[in-house]
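The values are calculated or read from the model by the stated rules, or taken from the named source; none is laboratory data. Everything numeric here is computed off the predicted structure, so don't read it as measured data. For neighbour counting, all protein chains shown are included, and Cβ atoms are generated from backbone atoms with ideal geometry for every residue, glycine included.
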Amino acid sequence: MLTLRGLIGSRVYGEPRRSGVRPRIGRVVAVLFHPTEPRVVGMLVERPDIALVVRRRDRMLALDRAAFDEGDVNVIGSSAWDGLAASRLDIDWNRSVIWSGMPVRTQSGRMLGSVRDAVFDPATGELNALGLSGGVTADVAVGVRDLPASLVQGFDGEAVVVADESAATKVDGGVSAVAGRGAAVAKAEATKAVETAAKTAAKAAVYGKAAAKAASQSKTGKKAIGWLKSIKDEVVDAMGPPDDEK
């Protein structure tokens, strides 16, 4: 079995060349689910930029053309990528769904949180279990909820839908269950402070971008940007358009 969190960041290698060495293609940045059904159909693979300048588009790798080996993903067989894989599997990659972080609600409309993680069969993509999160503070104070695949119905275009009885499933891991309400509140408040600090850091990053933009509008900034553009143009002219593996 594989998990969404465990697969993210895995290195992806193509089929062996004559030398026997597998070329590194990129890394997994997202796991793709079927547009409506609770099963994994592929992965979104991010490829490295050319010369750290030319951006290469991400590609979709079909799950049934991937072999998993100690944290790495090896491409096997033909029609593994993008349109060829979509035609073979009769799916539309543009309608595939990234479940991580997606809201979760019951059939009757009750919100249960969002997708924290999921366990699935790497051979078939079938879902084995779904992990829910109520947010960092709620997870610490109350705990997290894990659902068996039998309660998960699929994606309805807005949220992952689960059976109504999911709301009654046991919640585990909250400090309130082992240390009492007082400890839970204290821990939750500490976590809330961390979240606040993270938001402050995010704002600082925004201000940093604004400062960078202002710098780019200065005479020195414009010269630097012009130099980078000339380097990029030279690289593109020398190497031609990025080759897409078939």
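A few points about this structure:
- Test: Ala118 is in contact (Cβ under 8 Å) with a residue 60 or more places away in the chain, in the same structural domain as Glu158 (by TED's automatic domain parsing) and surrounded by 14 or more Cβ atoms within 10 Å (Cβ to Cβ): yes
- Gly157 in the same structural domain as Asp58 (by TED's automatic domain parsing) and either in a loop (DSSP other than H, G, I, E, B) or of a type in the set (Val, Ile, Thr) (or both): no
- Cβ pairs under 8 Å, 6+ apart, first in the range 88-111 and assigned to a loop (DSSP other than H, G, I, E, B), second among the acidic types (Asp, Glu): Ser100/Asp117; Gln107/Asp164; Ser108/Asp164; Arg110/Asp164
- Number of residues in the range 31-89 that are polar (S, T, N, Q) and in contact with a Gly (Cβ under 6 Å, 6 or more places away or on another chain): the value is 1.
- For the range 145-154, the candidate set comprises residues that are under 13 Å from Ser166 (Cβ atoms) and not polar (S, T, N, Q); within that set, the residue that is modelled with the lowest pLDDT is Arg145.
Here's the yes/no breakdown for (1) touching a residue at least 24 places away in the same chain (Cβ under 8 Å); (2) under 26 Å from Gly101 (Cα atoms):
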| residue | (1), (2) |
| --- | --- |
| Gly20 | no, no |
| Val29 | yes, yes |
| Arg39 | yes, yes |
| Met43 | yes, yes |
| Ala51 | yes, no |
| Val75 | yes, no |
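- Applying the criterion of at least 2 residues that are charged (D, E, K, R), surrounded by fewer than 19 Cβ atoms within 10 Å (Cβ to Cβ) and not assigned by TED's automatic domain parsing to the domain that holds Pro148 to the strands (runs of 3 or more DSSP E) found wholly in the range 1-85 leaves 24-33.
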